[in-house]
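**Student:** My structure is below; once you've seen it, I'll send some questions.
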Amino acid sequence: MKDLYAVVVTYNRAGFLDNLLQSFARLDTGPARIIVVDNASSDHTADVVSRAIAAGGPPIVYERLGENIGGAGGFSRGVELALETGAGWLWLMDDDVEVLPGAVEALDKFTPDYSCLIGRRYDANGRPFFWQHHFVEALGVFLPVSGNVFRHSEVFRTNVGNFEGMLIKASVARSIGLPDPRFFITWDDLIYGWLAALQTPVVYVNAFVIKKVRAQRQVDLGLRHLNDSSDLSRRYVMRNRGHVAQYLRVHGRFHRAGFGAGTALTFLKEVARLLLVERTLKGIGALWQGWRESRAILADRGWKPMPPLPN
């Protein structure tokens, strides 16, 4: 891959960021540049980046934002910086992962055929992390795909993204525009991958390239895996349904009845997460607040998608 830039967004997780930057430095083939967007962290994130720069390795561009604009806003700014400074490929990832040896080489073998791909991940315990989803436009939700999706092929065609290692060609990123900062958190990466899939095949590839290092409580329901969450995330899961609906509208894929059913399914999934993973119902208020906010977004007739960028 020519001019591979890693785009990392971080917020008050200096320890995780330090581990990620060290994992980049250990790669035999690393990115040409690492862009770190700091969402106004109040910990020692700046010191971590300074030490990584002094230690050598891939060049690091560090930008500390004046306020926390969420993961979505951070990735929007990071992609903008990467494209402005000559990225040919963008490798998008949160700060609570590490890249595995041989990751770049493993992904590179798929790049002659695909312009947007996601590699496999291990969880914090070293087990394969379940992630094989498909966005069902009629419902406006992403659903898990059962079984071994790599049984007959090294690639699984999907239509969603994930900012824990999504690799996208710069020309595709320019065509679909920057990640939408209005999401703040949640749904931003999924919709970014969906927008890419409207233009080019998006694939999940059978290559373990990343390990999650932040342990999460998880309940395995077989087809569905539920991780722990937060009231902020719960609110935005529901709130951002409004933005999802608007993107579907713009592309002529919005079905009111189906989307309503998808919203009900999303609400029930979050209630199940509360009961089964966190064993409480105290987050119901956040879900309700998010749903009310989504209605205002859905009613905004002046809403416009992120615009494409010049080549």
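**Student:** Compare 113, 96, 188 in a GNM of the chain, Cα atoms joined below 10 Å, and give the one with the largest fluctuation.
**Tutor:** The residue with the greatest mean-square fluctuation here is 113.
**Student:** Continuing with this model, one more query. Once you have the Cα-Cα distance between residue 214 and residue 124, take 0.36 nm times their residue separation minus that, and quote the gain in nm to one decimal.
**Tutor:** Residue separation times 0.36 nm, minus the Cα-Cα distance, leaves 31.8 nm.
**Student:** Could you calculate the contour length gain from residue 43 to residue 67, that is, 0.36 nm times the residue separation minus the distance between their Cα atoms, to one decimal place in nm?
**Tutor:** Roughly 7.3 nm would be gained on extension.
**Student:** Shifting gears a bit: How many lysine pairs are close in the chain, with Cα atoms under 28 Å apart and the two 8 or more places apart or on different chains?
**Tutor:** Lysine pairs meeting both conditions in the chain amount to 14.
**Student:** What trypsin sites (Lys or Arg not before Pro) does the stretch 143-182 have in DSSP loop regions with at most 11 other beta carbons within 10 Å?
**Tutor:** In loop regions of the stretch 143-182 (DSSP not H, G, I, E or B), the sparsely surrounded trypsin sites (Lys or Arg not before Pro) are 151.
**Student:** Based on the alpha carbons, how large is the Rg to Rh ratio for the stretch 4-216 when Rh follows Kirkwood?
**Tutor:** 0.94
**Student:** Moving on. Subtract the Cα-Cα distance of residue 295 and residue 85 from 0.36 nm times their separation in residues, and report this length gain in nm to one decimal.
**Tutor:** Stretched out fully, the residue 295 to residue 85 stretch lengthens by 71.8 nm.
**Student:** Please name which of 306, 114, 283 has its Cα lying farthest along the dipole of the chain towards the positive end, using unit charges on Cβ (Lys, Arg +1; Asp, Glu -1) and the Cα centre as origin.
**Tutor:** Of 306, 114, 283, it is 283.
**Student:** Report the local net charge at residue 235: Lys and Arg +1, Asp and Glu -1, summed over other residues whose C-beta lies under 12 Å from its C-beta.
**Tutor:** Within the 12 Å Cβ shell, the charges total +1.
**Student:** If the elastic network links every pair of Cα atoms under 10 Å, which of 99, 149, 202 fluctuates the most in the Gaussian network model of the chain?
**Tutor:** Among 99, 149, 202, the largest mean-square fluctuation in the Gaussian network model of the chain belongs to 149.
**Student:** So if I place +1 on the C-beta of Lys and Arg and -1 on the C-beta of Asp and Glu, and nothing else carries charge, what would the dipole magnitude of the stretch 4-216 be about its Cα centre? I want it in debye, nearest 20.
**Tutor:** 420
**Student:** Once amide H atoms are placed 1.01 Å from N in the peptide plane, what residues at a sequence separation of 5 or more from residue 102, or on another chain, have their amide H within under 5 Å of its amide H?
**Tutor:** Amide H to amide H, under 5 Å and 5 or more residues apart or across chains, residue 102 pairs with 28, 29.
**Student:** Let me ask another. In the chain, with Lys and Arg counted as +1 and Asp and Glu as -1 at Cβ, which of these residues, 65, 252, 209, has the Cα nearest the positive end of the dipole, that is, farthest along it?
**Tutor:** Of 65, 252, 209, it is 252.
**Student:** Among 15, 124, 199, pick out the residue whose Cα is farthest towards the positive end of the charge dipole of the chain, where Lys and Arg carry +1 and Asp and Glu carry -1 on C-beta, about the Cα centre.
**Tutor:** Positive-most Cα among the choices belongs to 199.
**Student:** Another question, then. Would you list the membrane-span-like helices of the chain, meaning whole DSSP H runs whose alpha-carbon atoms span at least 15 Å along their axis and whose mean Kyte-Doolittle value is at least 0.5?
**Tutor:** Within the chain the helices that satisfy the rule are 14-25.
**Student:** Something else now. Could you list the trypsin sites (Lys or Arg not before Pro) in the stretch 39-120 that lie in coil according to DSSP, counting only those with at most 14 other Cβ atoms within 10 Å of their Cβ?
**Tutor:** Loop-located and lightly packed - 109.
**Student:** Using just the C-alpha positions of the stretch 103-208 as equal point scatterers, what log10 of I(q)/I(0) does the Debye formula give at each q in 0.14, 0.16, 0.17, 0.22 1/Å?
**Tutor:** One equal scatterer on each Cα of the stretch 103-208 leads to -0.54, -0.71, -0.80, -1.32.
**Student:** May I ask you to evaluate 6.51 cos²θ - 1.76 cosθ + 1.60, the Karplus curve with θ = phi - 60°, for each residue of the stretch 139-145 and list the ³J(HN,Hα) values in order in whole Hz, giving x for glycine and proline?
**Tutor:** These are the phi-based 3J(HN,Hα) values: 9, x, 9, 9, 10, x, 9 Hz.
**Student:** Among 158, 263, 85, whose mean-square fluctuation peaks in a Gaussian network model of the chain (Cα, cutoff 10 Å)?
**Tutor:** In this elastic network of the chain, the residue with the biggest mean-square fluctuation among 158, 263, 85 is 85.
**Student:** Okay, next question. Using amide H atoms built in the peptide plane, which far-off residues or other-chain residues are under 5 Å from residue 202 H to H?
**Tutor:** 158
**Student:** Starting from the Cα gyration tensor of the stretch 135-186, take the square roots of the eigenvalues, sort them a ≥ b ≥ c, and report rounded, prolate or oblate (rounded when a/c is under 1.5, otherwise prolate if a/b is larger than b/c, else oblate).
**Tutor:** The shape class here is oblate.
Where a number appears in this text, it was derived from the coordinates with a stated rule and is not lab data. Please read all numbers here as calculations on a predicted model, not as lab measurements. So basically every Cβ, Gly included, is an ideal-geometry build from the backbone, and we count neighbours across all protein chains shown.
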